[in-house]
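These notes concern the structure reproduced below.
What follows draws every value from the coordinates through simple rules; no lab data is involved. Not measured: the values here are computed from a predicted model. Virtual Cβ from ideal backbone geometry, glycine too; neighbours counted across all protein chains shown.
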Amino acid sequence: MRVIVIGGGPAGCAAAYTLRKQGHDVRVFEASDCVGGRTKQLKRGGYNLGTGALFLMGGLYPRTSALLKEMGCDKKLVPWKGASQLMDNDNSRYPVNFVALQSYLSIPRLTLGDRLKIIFAGIKLFLSPGAKNAFDGHELAKYETGENLEEWARKNLGERGYEYIVRPIMDFLYAVPCSWLSLPFPLAVIQQAMKMSLSVPPGGIGQVSDWFIEHSPGVQMHLNSRVERVEANGKGYKVTAKGEAYEADGLVVATESFVAADLLKDFISQPTAQKLKSTPYTEYAHVAIGYDKNPWPNFPADIVMPVGYGEKRNVGAIVLHSRRHPGAVPPGAECVGVYFHTPPLANLSDEDVKREAVEIAIKAFGSAPEPSFVHLFRYDNGLTIAKPGHYKTLDSVHAEMPKGIVLAGDYFSQAGVEAAVFSGEEAALKLTSAPG
Ligand SMILES: Cc1cc2nc3c(=O)[nH]c(=O)nc-3n(C[C@H](O)[C@H](O)[C@H](O)COP(=O)(O)OP(=O)(O)OC[C@H]3O[C@@H](n4cnc5c(N)ncnc54)[C@H](O)[C@@H]3O)c2cc1C
């Protein structure tokens, strides 16, 4: 079968890898100059900056882990322990391990009553059914009740459990208020939290997509090739990029959902296009601050997460990149990543974001000389956010696709490399197993 994959993020690359493994004739069209999408790396001086994604989450990423193992790349991953500190309003510090939820129970702000309530809720949750893969949109749709994470957490974990455990973790991971987030995904993550371990490929997260393509011999890559048009062509399709037309028997469309809606407008109904276009992608900003000489080589944690009871705050986490990804910095240097919360961005200029990033890095880790560079990454469409009802709406879109076209992308569940890889592999399998 001749298949064209549109989009070379982790979803498109996983689809291409799966299709080549089955022996199909595969072309990948990617708009930018390299694969990786929102996981791409940016080389700047001797630094290797992540433009988006930071880490893989081990057992919580079952399909990514399985495919990396199949390619022999799992052993190359560099583990990261993610030692963290919560930084309270009065600058008190509470050491926790980002990966070990039980470590949050030692936060001195929690009372004995809070701890018992949280443990009880954890046991109850552990015994209840939930999605097996937290990034499988179809599974998540089955558990969707319309409830949001903030309601659930305040009710089941108490106010302090919400403020000191759930809110800081989600502020870092998803950068939006917990009231915006549908419940099945975070519950599935908590239920499987013991499977979580953090790691980063030696070349940064963008290397996951590179590995898929390197292990897809014969795949035909078209970089800098934005697909402009998709048309019907007999039983198949014609795809136009850079003025050239290419024919295929089937398509995997692995772009952002609003791009898919535009490219497929002649093939899908208005309501289906509307579902794709209304997928929320939120604004996102993070700042990389480089120091050619590391000002804090002995700081006792790798991540600082601001917390504070009921407090408004602009930043979700401040990360020492040399600890997360040693290949990110030249020898002896440091790079701080400051990850902003989405709502305040509406009122912050680029200069405000950069200034606040440098200030909070110093507050988090201690004084430092002028940085060697301050690089802002700011996106209108950074992360897909699953509001209550999201999974059911998006899951229904698959059944509404015309024959020979399948969609892939993290937007079917919750932003994350696993969501993309899972959907890319699934799309490839669905396309090639459809009856003639
Ligand atoms: C700041 C940030 C931090 C993150 N942190 C993490 C993390 O720590 N761990 C994690 O797992 N995930 C993280 N993510 C999420 C992760 O990056 C995404 O879930 C993942 O990249 C989604 O992959 P995708 O293939 O679905 O989409 P994308 O990565 O967006 O790829 C889509 C691709 O399609 C291409 N494209 C679009 N239109 C066209 C067209 N017309 N023709 C050809 N190509 C086209 C784009 O150029 C792009 O390369 C983070 C994201 C951001 C922004």
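Within the chain, antiparallel bridges make up roughly 70 percent of the DSSP beta bridges whose residues both belong there.
From helices alone, the chain scores -9500 deg cm²/dmol at 222 nm; the rule is -39500 (n - 2.57) for each run of n ≥ 4 DSSP H residues, then divide by the residue total. With no solvent and one point on each alpha carbon, what is the Debye value of log10 I(q)/I(0) for segment 262-302 at q = 0.14 Å⁻¹? So the normalised log intensities are -0.57.
Modelled spin-label separation between residue 220 and residue 195, with each label point placed 7 Å from Cα along the Cα-to-Cβ direction: 3.8 nm. Count Lys and Arg as plus one, Asp and Glu as minus one, and take only other residues whose Cβ is under 12 Å from that of residue 262; the net charge is then +1. The order of 231, 283, 30, going from fewest to most other C-beta atoms within 10 Å of their C-beta, is 231, 283, 30. Springs between Cα atoms under 10 Å define the GNM used for the chain, and in it the highest mean-square fluctuation of 168, 306, 129 occurs at 129. With a Förster radius of 35 Å applied to the C-beta separation of residue 69 and residue 433, the computed FRET efficiency comes to 0.90.
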